[in-house]
Amino acid sequence: MVISAVAVLVTLIYASYLDIKDRRVPFRTWYPMLVVGLAATIVLFYQQTGNISLIFGYLALVASFFYADYLDNRDPETPFRFSYLAAILALPALSWFIIPAISSGKLPELQLIPWYVMFVGLLAYVSYRESKKRPERKLTAKQIKKDSLMDSNVETVLTRWYFVLIIIILAIASFYMIGGGNWGVSGVYIALAAVFCGVFYVFGQMHLFGGADAWALIFIAFCIPTFPITPLLNTPPLGFLSFSVLINALILNLVAPAGIFIINVVKKNRAPLQYMFFGFPVKGENIQESWGFVMEDFNEKNGKVERKFVGFWDSLRRMRSEEGRIYTKDLREHPEEYEKELGLYRKAGTVWISYAVPFILPITAGLITAIFCGDFLLAIMTALTGGV
């Protein structure tokens with residue numbers, strides 16, 4: 001785990017640099033840490049348990065996420081690789097049924113058969129739908145955001161949210177295998193990883209979380225399932241490192257809003273109180289040089305520019321649907337599509353935008369502090385309760 005932690009940390013530092021520089025982390029950035037981390041985790045599980053079924057269960061979980069990413073980002077012009085689907089379906093069959101039956105000489109967990117049938121049916125259906133896709137026409141950035149809003153019919157919802165059901169099945173199967181004595185205590189790490197990673201994959205799909213940030217947390221869970229060393233504040237009861245990384249990252253990230261508020265007060269920037277913590281004004285004529293999203297709506301009436309701040313729930317809705325939220329990156333890369341908005345920003349003089357510190361930086365800091373110090377939230381709760 002120490003070797004895996006070093007590989008993950010080096011990759012995260014490089015990914016943080018890319019995110020600050022270009023606001024984009026190519027998926028191939030994660031390959032070095034995955035090669036080292038996945039191999040190290042397999043060795044760890046083998047040394048701890050010698051349980052081949054457990055190792056295949058771990059591989060089934062990891063492979064499911066890679067396959068979901070393949071389905072989400074496949075180029076319709078390339079042939080669909082049904083061999084990937086065959087591998088994904090084979091891994092849980094080996095883990096849940098075949099290997100336990102061979103090693104114990106007993107019938108496998110029959111309760112898992114309906115869950116496996118659901119697993120096969122969902123992936124087969126979504127894969128078939130994906131294989132029938134054809135290249136789409138070229139769209140503008142605004143059209144892409146508009147077309148991303150999908151109808152709420154059952155077929156479309158199933159195609160979009162199937163992976164939630166896949167994660168539920170994998171988590172339930174993990175608890176069955178643990179309860180049946182096939183995986184032992186180490187199987188808890190797989191069950192926890194299924195839930196934890198599933199939540200952040202869905203958050204990424206809903207645009208409630210940055211894609212690179214979500215993958216960073218998912219891959220930390222895959223590559224460092226437990227603490228490589230005993231931290232100063234001791235190991236949390238479950239010993240699941242990724243959760244401590246997330247908690248520490250969230251606590252450390254609270255420093256940024258406080259700093260922004262102080263800067264706004266010192267510079268005498270005026271806005272409703274909540275916006276003073278999360279944004280700052282920039283010159284309208286230079287907004288394309290900044291990073292973030294626009295926190296105000298503008299209108300021109302009788303030659304006068306009217307403005308109002310976007311409410312919290314409206315902002316959340318726009319972030320989720322990608323409709324109506326304007327990012328400075330889009331203004332920079334597609335200025336021809338935002339001529340009206342850019343004109344209004346210039347006339348307005350200043351525009352409030354969100355601060356844009358990539359969350360991958362607190363994640364990196366959260367990993368370092370979790371490994372060496374431990375879980376900040378647990379330490380705070382322990383201090384408040386007097387160690388009870």
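Among residues that are surrounded by fewer than 21 Cβ atoms within 10 Å (Cβ to Cβ), under 30 Å from ASP297 (Cα atoms) and aliphatic (A, V, I, L, M), VAL351 is not included. Of the residues making up segment 197-238, those that are surrounded by fewer than 20 Cβ atoms within 10 Å (Cβ to Cβ) and modelled with pLDDT of 85 or more are VAL199, THR226, PRO228, ILE229, THR230, PRO231, LEU232. Screening MET177 against (1) surrounded by 23 or more Cβ atoms within 10 Å (Cβ to Cβ); (2) within 13 Å of the chain's Cα centre (by Cα) leaves a single unmet condition, (2).
Across segment 270-292, the number of residues qualifying as touching a helix residue (DSSP H, G or I) at 6+ places or on another chain (Cβ under 7 Å) and not charged (D, E, K, R) comes to 10.
In segment 1-30, the residues that are free of Cβ contacts under 8 Å to residues at least 12 places away in the same chain form no Cβ pair under 7 Å with any partner that is of a type in the set (Asp, Glu) and in a helix (DSSP H, G or I), whether six or more places apart or across chains.
If you go through segment 344-368 and keep only what is under 20 Å from the mean Cα position of the chain (by Cα), in a helix (DSSP H, G or I) and within 30 Å of SER315 (Cβ to Cβ), you end up with ILE360, LEU361, PRO362, ILE363, THR364, ALA365, GLY366, LEU367.
I need the full set of residues from segment 354-370 which are surrounded by fewer than 22 Cβ atoms within 10 Å (Cβ to Cβ), within 17 Å of LEU9 (Cβ to Cβ) and of a type in the set (A, V, I, L, M), in order please. Within segment 354-370, LEU361, ALA365, ILE368 qualify.
I want to confirm something. Restricting to segment 27-43 and keeping residues that are farther than 13 Å from PRO225 by Cβ and not hydrophobic (A, V, I, L, M, F, W, C), which single residue is surrounded by the most Cβ atoms within 10 Å (Cβ to Cβ)?
Filtering segment 27-43 for residues that are farther than 13 Å from PRO225 by Cβ and not hydrophobic (A, V, I, L, M, F, W, C), the one surrounded by the most Cβ atoms within 10 Å (Cβ to Cβ) comes out as THR29.
Report, by residue number, each residue of segment 19-36 that is out of contact with any Lys or Arg (no Cβ under 7 Å at 6 or more places or on another chain) and over 25 Å from ALA63 (Cβ atoms). Matches in segment 19-36: ASP19, ILE20, LYS21, ASP22, ARG24.
The values are calculated or read from the model by the stated rules, or taken from the named source; none is laboratory data. Keep in mind the model is a prediction, meaning the values are calculated, not measured. All Cβ positions, glycine included, derive from the backbone under ideal geometry; neighbour counts span all protein chains shown.
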